[in-house]
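Novice: Mind having a look at this structure? Questions to follow.
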Amino acid sequence: MDCLKEEASMLVLNDFYRLLDLPRDRTIELDLGCGNGRFSEEAAARFPERLFLAADIMMGRMRRCDSRARRGKLNNMIPIRAEARFLTGALLPEASLNRIHILCPDPWPKDRHRHHRLICSEFVGRLYGLLKEDGEFHFSSDDQPYLEIVTRVVDRSGLFRRDDSRLAEIADLQTDFERRWLSKGKTVTHCLWVKQPYQFSGEGH
């Protein structure tokens, strides 16, 4: 399957079981849980030299995302329908991404739903493996308790260094979810972490 088609088209990867063939010589960003694709659309238009993978599991959202890519003639925006853990765990090559965006995900605040949360220690390690050297993890949330949890998990991993200054080039780009929360008077906080060289401690050996 060729990810770099002449015209934007949606990739449906729920039953796809081999690594995607991604170019190594190109800047690639993943918008994981892209919703209707507004953020990816605007980012792809701003940075035509980069490749943007816009992924979500909801087919209705992905159809709208695909329409955005086609309408804007954005050949550098590839809508992908796939579950997040499956996509990151089985389909994306190691060290293939320059930046991963997870923007305004559902915080699943109720105790009985917390197992649905995407960000945990294991998943942070998975993101680390997918990022190239000096790669970036961009996260945002309107939910302060969830933001604090994610910040604590990422910082304690020791795999990333916080550097929000790198968000300057995309600070004005917003998802549909962020626009909705801002219109209701909520605050959406953005964080960015930079991948650090892995250091093996040797503890326990």
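Novice: Would you work out the charge dipole size for region 136-192 about its Cα centre, treating the Cβ of every Lys and Arg as +1 and the Cβ of every Asp and Glu as -1, and quote it to the nearest 20 debye?
Specialist: Dipole magnitude for region 136-192 comes out near 160 debye.
Novice: Classify region 144-187: rounded, prolate or oblate, from the alpha-carbon gyration tensor (a ≥ b ≥ c, eigenvalue square roots; a/c under 1.5 rounded; otherwise prolate if a/b is larger than b/c)?
Specialist: Judged from the Cα gyration tensor, region 144-187 comes out oblate (a/c at least 1.5, b/c at or above a/b).
Novice: Can you tell me the order of 179-189, 145-155 when each peptide is scored by its average per-residue count of other Cβ atoms within 10 angstrom, highest first?
Specialist: 145-155, 179-189
Novice: What length, rounded to one decimal in nm, is gained on full extension from residue 167 through to residue 132, with 0.36 nm per residue of separation minus their alpha-carbon distance? Intermediate values should be presented prior to the final figure.
Specialist: On the way: separation 35, 0.36 × 35 = 12.60 nm, distance 1.76 nm.
Answer, rounded to one decimal: 10.8 nm.
Novice: Give, as a single signed number, the net charge of other residues whose beta carbon lies under 13 Å from the beta carbon of residue 125, with Lys and Arg counted +1 and Asp and Glu -1.
Specialist: +2
Novice: If each residue of separation counts as 0.36 nm, what is the full-extension length gain between residue 83 and residue 121 once their alpha-carbon separation is subtracted?
Specialist: 11.8 nm
Novice: When a/c is below 1.5 the answer is rounded, else prolate if a/b is larger than b/c, else oblate, so apply that to region 44-109 with a ≥ b ≥ c taken from the square roots of the Cα gyration tensor eigenvalues.
Specialist: Oblate is the answer for region 44-109, as a/c is 1.5 or above yet b/c matches or exceeds a/b.
Novice: When 139, 86, 52 are ordered from fewest to most other Cβ atoms inside 10 Å of their Cβ, what list results?
Specialist: On the way: 139 22, 86 14, 52 27.
In increasing order of surrounding Cβ atoms, one gets 86, 139, 52.
Novice: Could you work out how far the C-alpha centroid of region 127-167 sits from that of region 82-100, in angstrom?
Specialist: Using only Cα atoms, the two centres lie 16 Å from each other.
Novice: What is the fewest-to-most order of 62, 10 by other Cβ atoms lying within 10 Å of their Cβ?
Specialist: Ordered by Cβ neighbours within 10 Å, fewest first: 10, 62.
Coordinate-derived values only; no laboratory data. Predicted, not measured: the structure shown is a model, and the values here were computed from it. Backbone-built Cβ (ideal geometry, glycine too); neighbour counts: all protein chains shown.
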